[in-house]
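Enquirer: Here it is, the structure, as structure tokens.
The values are calculated or read from the model by the stated rules, or taken from the named source; none is laboratory data. Note that the structure is predicted; figures quoted are calculated from it, not measured. Ideal geometry is used to build each Cβ from the backbone, glycine not excepted, and the neighbour counts take in all protein chains shown.
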Amino acid sequence: MLKKHADKKPVLIVGAGVAGITAALDLARTGRKVHLVERGPVPGGQVSNLDKLYPTDHCAFCPLWTEIQACIFHPLINIHTLSYIVTVSGDDAGYQVIIGENPHLINESRCILCGRCVPKCGVDAIRLMGEHCYPASYYIDLDRCTRCGDCVDICPTRAIDITRTNSTKVLSVSDIIWATGFQDVDISALEEYGYKTHPDIMTSLEFEDWTAEAGVNQGRIMKKHDKLPPQNIAFIQCAGARDRRLFPYCSAVCCMHALKQAQWVKRRSPDIECVIFYTDMRTEGRHYYEYYQREIEGSAIRLIRGRPGLIFPLPHADGIAVKYEDTIIQRQEIRKFDMVVLNGALRPSLAGDDTLVYKPPLDEEGLVDLRLGATKSCGFCREPVDVETSVIQASSAALLTCMGGPDDGR
Amino acid sequence: MSIVNDARAIVKKLLEEKQLDGVLGLSCKHDEPVPFVFESPEEVDSLVLEPKWLFAKLAMNIVRTSPADFRLGIVCRGCDERALIELIKRNQLDEKRIHVIGMACSREQAEACLCTRPYPAIPHLGEKVQGVDPREEETAKAFLEGETIDRMQRWTKELARCIKCYGCRNSCPICVCVPCKLEDDLWVRRGEIPADMVSYHLIRAFHLSDTCVACGGCTDACPVGIPLMLLQIAMRESLAKEYEYEAGTDPGRLSPVLSDLFVEPCEVYEEPGWPDSFKVSDET
Amino acid sequence: MMKDLKQDSNGVKSEAGNTPRVIVFACKWCGLIGADAAGRKHAQLPAGFRVIPVECASRIEADAVIRAFSSGIDGVIVLGCHLGGCRFNAANHRTAKKLKLLYPLLETVGIDSKRFLLSFGTAHEHHQFEDLINRFYQGLQRLAPMDAWSGSYLSEMGQR
Amino acid sequence: MAADIKIGCFLCRCYGEVSRVIDLDELQQEIIRFPWVAFCEIWDSLCLLENIDELTQKISESGTDRILLAACSPLARGDVILHALERHGINQASVELVDIREGCAWIHDNQPKEAMCKARDLINMGLSALKQREVSENQIIVPKREVLIIGAGPAGMSAAVSLARLGFAVHVLDRARNPGGLLNLLKRIAPEDIGAEEDLHGLHKAFTNNALVYYHPGARLISSNGSVGDFAVEFKTGDNLHSVRVGAVIIASGARVMFAKGLYRYTELDGVVSGIELERRFLSGDVRADNVVFIQCVGVRDVNSPYCSTICCPVSLKHARQLKDLNPQAEITILHRDIMCPGNILEAYYRDTMQDGVKFVRFDLNNPPSIVGDERLEGVNVFESVTGISRTIRADLVVLSSALVPHDDAARIAEIFDLALDPLGFYQVRTLMHPLETTRNGIFVCGSARWPVLARTAIVQGEAVAMKAFALLSQDSLAASGMSQFRDRKIAHAIVDRDACTGCGNCVAICPYVACALEPENGAFKSRVNIMRCTGCGSCVAVCPNGSIQLPEQNARVIGAMLKNAFS
């Protein structure tokens, strides 16, 4: 006979990215109650910030938003956005979790997107939750908002309430699944990459935003400092990753990510030269090598093996110099690039983020430590993985939750 | 007249050896050729081959109404054979119960029909002659060449003469649907001559886009002489160009527009990458 | 009552001049979302188009497109998802191939192929949708209104 | 039928967002005159919480059977209204949402006349669509609480154990005689570097001891039919035929090791062995080698088979370490094109192996290494793409890393279950959010049958598919209306008018879900739709020559009526 799950305690899932959403839906469909805690204003995580996806090359948001919608409308899932974990107490029998919730000054269930509040705000703290996000609603950036109250009366549905303050909830859950994913890293600590010394040296996620079809430039490729189309772009792989000083691990997604970005650059403006400096082209996933081959042959993307030794801006904003050794002709080369995309360093959100009040046990690489039996984790916070794998891990984590953890020595 | 004798000999043989229970062909008893099912060798002497006559639909009905073990032979031309194959592909006719006695058309006939393939797969009768390219023929040029606006005027002029007799549909060897969309007020407004001729003719033409065998039946049947078969030519050409597909030539191959691009790739998307943003047709 | 409705709208149209009349068949999962995003951005578009949402672009039969033309619509657009990104096991591949066959037919009878646009794009790019509509309208402006077809047609009848 | 239908209309001012462009009162006056309109109201908003209750109350009182909402687009607030109404028991099929905000007011707000005209037309279209709309009848089945798993490798075993522990009876078909799959050939597994049997011990025990796991060794699949929730599958073990009814099918049939015949003089020189052969030697314990050269990417990542088999790099690392353990003085070189060790664990594995003194030499696809030696192996000649020099490495053992290729069974199984294979021969799956679900509902694929994976990943994937199957089958009932692959409710499923159907088979050919099938009916053929398979895309509608197949909610008359009213 089947085990019944409705009577069990709810499950807490931390992080509403692809992994969190999948785990939540899987559990809810078995009749389990789920609390989905998300730090951002809206579910979706990093994938909803991406423009396009490899290896399918279609937009990242389409497949995602129906899942988010399913989460939102599912009676057993309640989503706590702008929330964070304060404390966790208890043991395998069950946890007492206190979560803090930053206020949504605009009640998104009442916001009709009329946008009348936006011009009222002197410090432009009010904006849409994202270029493309679901549910669509305006929200007030708490860091900027001065609580002046000019926007309150203009709102026709009385959705704005600036008197709201932080609140805490106590959840009693049977299990916790960590799906907090990754975040971008400031690698200016590694001087040779010259990050932050020039506006056109950016990380791959910044580049993704900058060139997104739905983003500020509507998919046009241009330099940040003078808004002109670049002659050439350098993609530096493993910048900060596979590097003992920062992250010893390989981020697993950057090779394909760089290929994707390079080929979209090529597709939008074919005369821009794209060079990828790589150590190993790790295109090992499902159909990744075919993608790699197609893009390399299809659109003349140049691959150079080797990690540049030095990247520095040239005087009077005259581009960026990249110093590298061309191993084929065994000579130190210096080449001028208009844009440099640093690809690689991705940090598990839990690590090194001091704003977090509570963290699960982490190992020295900042990943959730699986050796503590009770903790279940999936996605990038468990090990660096791509979207497909983190979704798979999410389902398996959900399963372990249903079974009450593995008991057969695994 | 040697072809006719050959034909009679072949049919006689088939009937005598009881390989077939009947052979469908033209019989000219009282100097008026009519379709006839020859069941005994004696009758065969009245078999004639001219004029061109489309037997496909008739054969279908005969096979349907006859007992299950009745095997029918058909003395027919290339177009008719292709029509039979299309009917078989669309489950209207049982392959095993028919036998085609193929006959290649004469050059004159081919020119009269603007036929690109005036011969069956295996011509038992007559000599294979080269097909004609409709775009070379003066009569067709006026309808197919020239500026869009000219063609528009030309076709409006032609189609305006339509009296909506449904002859083109009824004579078409492929049109078997009952009920037919052309009789549905939703698609072709009733009683409105001529306003709805656009939808009448274009819907009819498009329904046959990937099954038309260019037999010219519609053209022959039209009482006011609209060259309806010319509507199909461009579509047949594009099918041939992109998928090397011609209706009725390969019983094993389904129409390529029913399969996805992995199975039957099509030329437009062979440009590097998928069409990655909305495109306006004149720029693609 | 339908009558004065009609008169009224005709009045409106006569004042508005002959803006081309366009039908947009939009797939709910991509084309429609693009339209929605354009709306959210308050993009200003020509008012002459009507969107008919469908489950998937593959549901559009060519007959519907032809029917639209025959009732005097000036242009028809069919919007589907990316050919990599259809939610229905690449059902839109079939649309692409099937409706592509319509171009030669329309060209043959002298309906300019600029009047019919088959297009596959991603959902959220509102500017792509604006771009599409505007360029399509530019294309149509250069052509005579579709009534010309049935118009000259009727005159033919007159002469007969 | 259109006559007796009563439609209730609600127009939304959206607090002026709509009404500042469109004169809703005038519209109301026009709409209310239609005989089929029961009432027409103008509200300030429809989507707010308090509105919903009022709305549902109003609807239930008025007794109208169709509702037209003229409001904003579905993505903005429309879906909220629709779902709220659904929760109050108002079927979405009887509600039409007309988008007059994003779709009209907001994109034409500088041309009010046209906007007005457009809004009127849009509402007319909505009304006419509602009049023509039909509702497709539903089918509800109780899913079978059993699961069929094909293959008993690590993936299949973990899936089986997990499902059994959740209370499902599991039938496991295996082409082999005993469970374990390819792991039975291994001495150690990467990257844990522990013995295979030791690692799988627990899994093995659980698998063999669980009473709910029915293991069928040496089974051969015969046929399958049915659809999600109720598959009838026949298979043979030996000569006796079994048939089971299961709710879901999990394919874990694995892959097979490539036989590198003719590459690098394999099978000519006995010094040249394949990775799997080396494993055999490890098991038998006769490995003696001082200079070993591994060659990666054998037979893969080239024009013929353009894919990366994923596992070969870690496996070769594992072999190198095993050899080092046996003989620390051994000179080991790995010739590779890229070392595929993503993530933290494998990267660490790679780093450690490098520190153990294993040398890594990078070669190029265009000039691959070549074996030196005539009748006995002497060495390997390699062009180092990094330094650009060509040299010969002494070797008394050359190991060609064994790639995994799709198993020969894959095509057969795919045919039996109407699944699609990708060009390489692996099973096609749906992308991004559903990477383990095949193109058909209720059939899942995991492990190396999907794509080559290491044991630990295979086990995780097994658990994941178990979860998917559990989530599917733990529901009390499955409704055809819920059988959409990406949301909880599909708009419709196709139905065939069997009198009109000519049996031409277009729908069968085009259906992306193998939902249509022809069946003989007094001499002719008629099409029938399996509505549990149908997802309502409507491809069949578009190709049906006489419209005898339709989506009731969006049938040809709906489209026609909308076209007719598009421009009043």
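Enquirer: crowded, with 21+ Cβ neighbours inside 10 Å, within 14 Å of chain A (Cβ to nearest Cβ) and touching a residue at least 60 places away in the same chain (Cβ under 8 Å), is that true of D:Leu166?
Expert: On the way: crowded, with 21+ Cβ neighbours inside 10 Å: yes; within 14 Å of chain A (Cβ to nearest Cβ): yes; touching a residue at least 60 places away in the same chain (Cβ under 8 Å): yes.
Considered against the rule, which asks whether it is crowded, with 21+ Cβ neighbours inside 10 Å, within 14 Å of chain A (Cβ to nearest Cβ) and touching a residue at least 60 places away in the same chain (Cβ under 8 Å), D:Leu166 comes out as yes.
Enquirer: Among helices (runs of 4 or more DSSP H) lying entirely in region B:39-157, which contain 1 or more residues that are within 30 Å of C:Met146 (Cβ to Cβ) and among the basic types (Lys, Arg)? Reasoning before the result, please.
Expert: On the way: elements: B:56-65, B:78-89, B:107-113, B:138-144.
In region B:39-157, B:138-144 are the helices (runs of 4 or more DSSP H) which contain 1 or more residues that are within 30 Å of C:Met146 (Cβ to Cβ) and among the basic types (Lys, Arg).
Enquirer: Take the residues in region B:199-227 that are assigned to a helix (DSSP H, G or I) and of a type in the set (Val, Ile, Thr); name whichever of them is farthest from the other protein chains (Cβ to nearest Cβ). Write out each step before concluding.
Expert: Restricting attention to region B:199-227, the residues satisfying the condition of being assigned to a helix (DSSP H, G or I) are B:199-207, B:217-221.
After this cut, where a residue has to be of a type in the set (Val, Ile, Thr) as well, the list is B:203, B:219.
On the way: B:Ile203: 5, B:Thr219: 14 Å.
So, considering only residues that are assigned to a helix (DSSP H, G or I) and of a type in the set (Val, Ile, Thr), the one farthest from the other protein chains (Cβ to nearest Cβ) is B:Thr219.
Enquirer: Something else: If you go through region D:345-355 one residue at a time, do you hit one that is assigned to a loop (DSSP other than H, G, I, E, B) and either surrounded by fewer than 18 Cβ atoms within 10 Å (Cβ to Cβ) or free of Cβ contacts under 8 Å to residues at least 60 places away in the same chain (or both)? Full working, then the answer.
Expert: Taking region D:345-355 as the starting set, the residues that turn out to be assigned to a loop (DSSP other than H, G, I, E, B) are none.
Within region D:345-355 (the criterion being assigned to a loop (DSSP other than H, G, I, E, B) and either surrounded by fewer than 18 Cβ atoms within 10 Å (Cβ to Cβ) or free of Cβ contacts under 8 Å to residues at least 60 places away in the same chain (or both)), the answer is no, since none of the residues qualifies.
Enquirer: Also, I was wondering about something else. Of everything in region B:24-38 that's without any contact (Cβ under 8 Å) to a residue 12 or more places away in the chain and in a loop (DSSP other than H, G, I, E, B), which residue is farthest from the chain's Cα centre (by Cα)? Steps first, please.
Expert: Of all residues in region B:24-38, those without any contact (Cβ under 8 Å) to a residue 12 or more places away in the chain come to B:30-32, B:34.
If we keep only those that are in a loop (DSSP other than H, G, I, E, B) as well, we get B:30-32.
On the way: B:His30: 29, B:Asp31: 27, B:Glu32: 24 Å.
Ranking the candidates gives B:His30 first.
Enquirer: Also: Considering only region A:189-245, state which residues are in a helix (DSSP H, G or I) and either among the basic types (Lys, Arg) or touching a Gly at 6+ places or on another chain (Cβ under 7 Å) (or both).
Expert: We begin by selecting, within region A:189-245, every residue in a helix (DSSP H, G or I); these are A:191-193, A:204-211.
Scanning region A:189-245 gives A:Glu192, A:Asp209, A:Thr211.
Listed here are the residues, each with its yes/no results for (1) closer than 23 Å to D:Leu97 by Cα; (2) not in a helix (DSSP H, G or I).
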position	(1), (2)
C:Ala37	yes, no
C:Pro53	yes, yes
C:Phe69	no, no
C:Ile77	yes, yes
C:Asn89	no, yes
C:Ile111	no, yes
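Enquirer: Could you name every one of the strands (runs of 3 or more DSSP E) located completely within region A:136-179 that has at least 1 residues being among the acidic types (Asp, Glu) and touching a helix residue (DSSP H, G or I) at 6+ places or on another chain (Cβ under 8 Å)? Spell out the reasoning first.
Expert: Details: elements: A:138-140, A:167-173, A:175-178.
In region A:136-179, the matching strands (runs of 3 or more DSSP E) lie at A:175-178.
Enquirer: Can you tell me which residue in region B:33-76 is surrounded by the fewest Cβ atoms within 10 Å (Cβ to Cβ), limited to those that are farther than 19 Å from B:Ala104 by Cα and among the acidic types (Asp, Glu)?
Expert: Taking the candidates together, the pick is B:Asp69.
Enquirer: Of the residues C:Ala64, C:Ala57, only one is more than 7 Å from every other protein chain (Cβ to nearest Cβ) and closer than 27 Å to B:Leu202 by Cα; which?
Expert: On the way: C:Ala64 fails: more than 7 Å from every other protein chain (Cβ to nearest Cβ).
It is C:Ala57.
Enquirer: Need a quick list: helices (runs of 4 or more DSSP H) entirely within region D:495-568 having at least 1 residues that are in contact (Cβ under 8 Å) with a residue 40 or more places away in the chain, away from chain C (no Cβ under 11 Å) and over 30 Å from B:Thr65 (Cα atoms). Show your work before the answer.
Expert: Values: elements: D:506-510, D:539-543, D:556-565.
Where helices (runs of 4 or more DSSP H) fall fully within region D:495-568 and carry at least 1 residues being in contact (Cβ under 8 Å) with a residue 40 or more places away in the chain, away from chain C (no Cβ under 11 Å) and over 30 Å from B:Thr65 (Cα atoms), they are D:556-565.
Enquirer: Scan (1) part of a loop (DSSP other than H, G, I, E, B); (2) β-branched (Val, Ile, Thr); (3) touching a Lys or Arg at 6+ places or on another chain (Cβ under 7 Å) for the single condition A:Thr66 breaks and write down its number.
Expert: Checking A:Thr66 against (1) part of a loop (DSSP other than H, G, I, E, B); (2) β-branched (Val, Ile, Thr); (3) touching a Lys or Arg at 6+ places or on another chain (Cβ under 7 Å), the one that fails is (1).
Enquirer: If you don't mind, another one. What residue, of D:Arg489, D:Arg430, is in the same structural domain as D:Ala159 (by TED's automatic domain parsing), surrounded by fewer than 21 Cβ atoms within 10 Å (Cβ to Cβ), charged (D, E, K, R) and in contact (Cβ under 8 Å) with a residue 24 or more places away in the chain? Break it down into steps so the answer makes sense when it comes.
Expert: Working: D:Arg489 fails: in the same structural domain as D:Ala159 (by TED's automatic domain parsing).
That would be D:Arg430, the only listed residue that is in the same structural domain as D:Ala159 (by TED's automatic domain parsing), surrounded by fewer than 21 Cβ atoms within 10 Å (Cβ to Cβ), charged (D, E, K, R) and in contact (Cβ under 8 Å) with a residue 24 or more places away in the chain.
Per-residue answers, yes or no, for (1) closer than 22 Å to A:Pro43 by Cα; (2) among the aliphatic types (A, V, I, L, M):
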site	(1), (2)
A:Glu101	yes, no
A:Leu105	yes, yes
A:Cys117	no, no
A:Cys121	no, no
A:Cys133	yes, no
A:Tyr139	yes, no
A:Ile177	yes, yes
A:Thr180	yes, no
A:Gln183	yes, no
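Enquirer: Quick one: what pairs do we get from region C:28-51, first residue free of Cβ contacts under 8 Å to residues at least 60 places away in the same chain and more than 8 Å from chain D (Cβ to nearest Cβ), second crowded, with 24+ Cβ neighbours inside 10 Å and of a type in the set (Val, Ile, Thr), C-beta under 6 Å, 6+ apart or different chains?
Expert: The qualifying pairs do not exist here.
Enquirer: Being among the basic types (Lys, Arg), within 14 Å of chain D (Cβ to nearest Cβ), assigned to a loop (DSSP other than H, G, I, E, B) and under 30 Å from A:Pro55 (Cβ atoms) is true for just one of A:Arg307, A:Arg294. Which residue is that?
Expert: Checking each option against the conditions leaves just A:Arg307.
Enquirer: Output yes when any residue across region A:340-363 is more than 28 Å from D:Ile345 (Cβ to Cβ), in contact (Cβ under 8 Å) with a residue 24 or more places away in the chain and surrounded by 23 or more Cβ atoms within 10 Å (Cβ to Cβ), and no when none is.
Expert: Yes: one or more hits.
Enquirer: Among all residue pairs at least 6 apart or on different chains, which show Cβ distances below 9 Å where the first residue, located in region D:62-74, is on the phi > 0 side of the Ramachandran plot and the second is of a type in the set (Lys, Arg)?
Expert: Going by the 9 Å Cβ cut-off, the qualifying pairs are D:Gly63/D:Lys6.
Enquirer: For region C:82-95, enumerate the residues that are buried (at least 24 other Cβ atoms within 10 Å of the Cβ), within 7 Å of another protein chain (Cβ to nearest Cβ) and within 21 Å of the chain's Cα centre (by Cα).
Expert: Hits for region C:82-95 are C:Ala91, C:His93, C:Arg94.
Enquirer: Which residues, counting only those in region C:44-70, are polar (S, T, N, Q) and either in contact with a Pro (Cβ under 7 Å, 6 or more places away or on another chain) or at pLDDT below 90 (or both)? If you could, list the steps in order and put the result at the bottom.
Expert: So in region C:44-70, the residues polar (S, T, N, Q) come out as C:44, C:58, C:70.
Scanning region C:44-70 gives a single hit, C:Ser70.
Enquirer: Something else now. Run A:Phe73 past the list (1) under 30 Å from D:Arg13 (Cα atoms); (2) in contact (Cβ under 8 Å) with a residue 24 or more places away in the chain; (3) surrounded by 17 or more Cβ atoms within 10 Å (Cβ to Cβ) and report the number of the one that doesn't hold.
Expert: For A:Phe73, the failing item is (2).
Enquirer: Let me ask something else about it. Only one residue in D:Phe360, D:Phe383 is farther than 30 Å from D:Ser253 by Cβ, in contact (Cβ under 8 Å) with a residue 12 or more places away in the chain, of a type outside the set (Asp, Glu) and out of contact with any helix residue (DSSP H, G or I) (no Cβ under 9 Å at 6 or more places or on another chain). Which one?
Expert: Working: D:Phe360 fails: out of contact with any helix residue (DSSP H, G or I) (no Cβ under 9 Å at 6 or more places or on another chain).
Going through D:Phe360, D:Phe383 in turn, just one is farther than 30 Å from D:Ser253 by Cβ, in contact (Cβ under 8 Å) with a residue 12 or more places away in the chain, of a type outside the set (Asp, Glu) and out of contact with any helix residue (DSSP H, G or I) (no Cβ under 9 Å at 6 or more places or on another chain): D:Phe383.
Enquirer: Output the residues belonging to region D:82-101 that are assigned to a helix (DSSP H, G or I) and crowded, with 24+ Cβ neighbours inside 10 Å.
Expert: Going residue by residue through region D:82-101, those that are assigned to a helix (DSSP H, G or I) are D:82-87, D:92-94, D:101.
Scanning region D:82-101 gives a single hit, D:Arg101.
Enquirer: Mind checking which pairs have a first residue in region A:239-257 that is on the phi > 0 side of the Ramachandran plot and outside the structural domain of A:Glu192 (by TED's automatic domain parsing) and a second that is modelled with pLDDT of 90 or more and surrounded by fewer than 24 Cβ atoms within 10 Å (Cβ to Cβ), Cβ under 6 Å, 6 or more apart or different chains?
Expert: Once the first residue is on the phi > 0 side of the Ramachandran plot and outside the structural domain of A:Glu192 (by TED's automatic domain parsing) and sits in region A:239-257, no partner that is modelled with pLDDT of 90 or more and surrounded by fewer than 24 Cβ atoms within 10 Å (Cβ to Cβ) comes close enough.
Enquirer: Please state which of the following conditions A:Glu333 fails to meet, knowing it meets all the rest: (1) more than 25 Å from A:Ala189 (Cβ to Cβ); (2) in contact with a Phe, Trp or Tyr (Cβ under 7 Å, 6 or more places away or on another chain); (3) surrounded by 18 or more Cβ atoms within 10 Å (Cβ to Cβ).
Expert: (3)
Enquirer: Give me the residue from region A:311-352 that is of a type in the set (Val, Ile, Thr) and over 24 Å from A:Glu208 (Cβ atoms) and, out of that set, modelled with the lowest pLDDT. Outline the logic, then answer.
Expert: Within region A:311-352, the subset of a type in the set (Val, Ile, Thr) is A:311, A:320, A:322, A:327-329, A:334, A:340-341.
Subsequent filtering for residues that are over 24 Å from A:Glu208 (Cβ atoms) retains A:327-329, A:334.
Values: A:Thr327: 70, A:Ile328: 65, A:Ile329: 69, A:Ile334: 91.
Taking the candidates together, the pick is A:Ile328.
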